[in-house]
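Report on the structure given below.
Just so it is clear, none of the values below were taken in a lab; they were calculated from the coordinates. Remember, predicted model here, so these are calculated numbers, not experimental data. Neighbour counts are summed over all protein chains in view; Cβ atoms, including those assigned to glycine, are modelled from backbone coordinates with ideal geometry.
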Amino acid sequence: MSFIVVDLGGTQIRAACCRADGHIEARVVLSTRAVQGPEAVIQRIEQAIRRVWPGERGPAAIGVAAPGPLDARTGVILFAPNLPGWRDVPLGPRLADTFARPTFLANDANLAALGEHRFGAGRGVDDLVYLTISTGIGGGIILNGRLFEGGAGRGGGPHCRRGRRPPVCVRQSGLPGSAGLGAGHCQSGRRGAGARRAIEPGGPRR
């Protein structure tokens with residue numbers, strides 16, 4: 001049984017056809033070209049999915065890792081800081097209609113943490129923190145072997161406003177029942193060096 005997974009980033013769209021054991025059967029990488037807006041980006045996501053489509057039977061389901069905040073229950077991206085114009089975009093329902101497959105949308109950093117725990121460097125540990133520093137900054141947390149999502153699916157996400165101190169902090173998010181750990185709603189190029197200094201042994205303490 002095969003599945004298609006998509007990673008939507010501010011710079012690249014990555015799609016793969018894989019099995020439940022994590023084996024990748026096909027993969028493709030396309031440029032996001034985020035400045036062209038949601039519709040153009042969605043069309044490239046659909047193109048990427050078609051390029052890894054596993055034969056006539058197709059996949060059992062499609063999973064999408066996307067920046068947030070998002071509503072995983074409805075498949076709607078509420079706001080994506082690194083994707084211009086992405087507010088209340090129903091990406092999950094759109095892909096489900098296009099490909100007639102169950103489609104699941106979740107926070108990209110949460111899924112990265114889960115993948116690392118099951119298939120990567122986190123195998124065999126009960127607790128881990130996963131930080132993503134790319135076009136945007138995010139984080140995911142595994143506690144007692146399970147993904148910690150919080151009330152709104154952003155349990156490991158960064159929720160400090162740009163310019164706030166310290167660079168690594170814990171704050172209440174704007175969504176009910178969600179608190180997070182991270183470096184803030186900011187571009188990684190502006191804060192990446194500060195984040196690295198903050199987490200190094202002997203780094204700044206404020």
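Some points to look at:
- Net charge dipole, the range 1-105: roughly 160 debye, given to the nearest 20, about the Cα centre with Cβ charges of +1 for Lys and Arg and -1 for Asp and Glu.
- The range 2-101, relative contact order in percent, only Cα pairs under 8 angstrom and at least six apart counted: 27
- By average C-beta atoms within 10 angstrom, highest first, the peptides 32-40, 73-81: 73-81, 32-40
- Under 5 Å, built H, 5+ apart or other chain: amide partners of residue 70: 78
- P(r) histogram, all alpha-carbon pairs of the range 2-101 included - 10 Å bins from 0, percent: 16, 51, 29, 4
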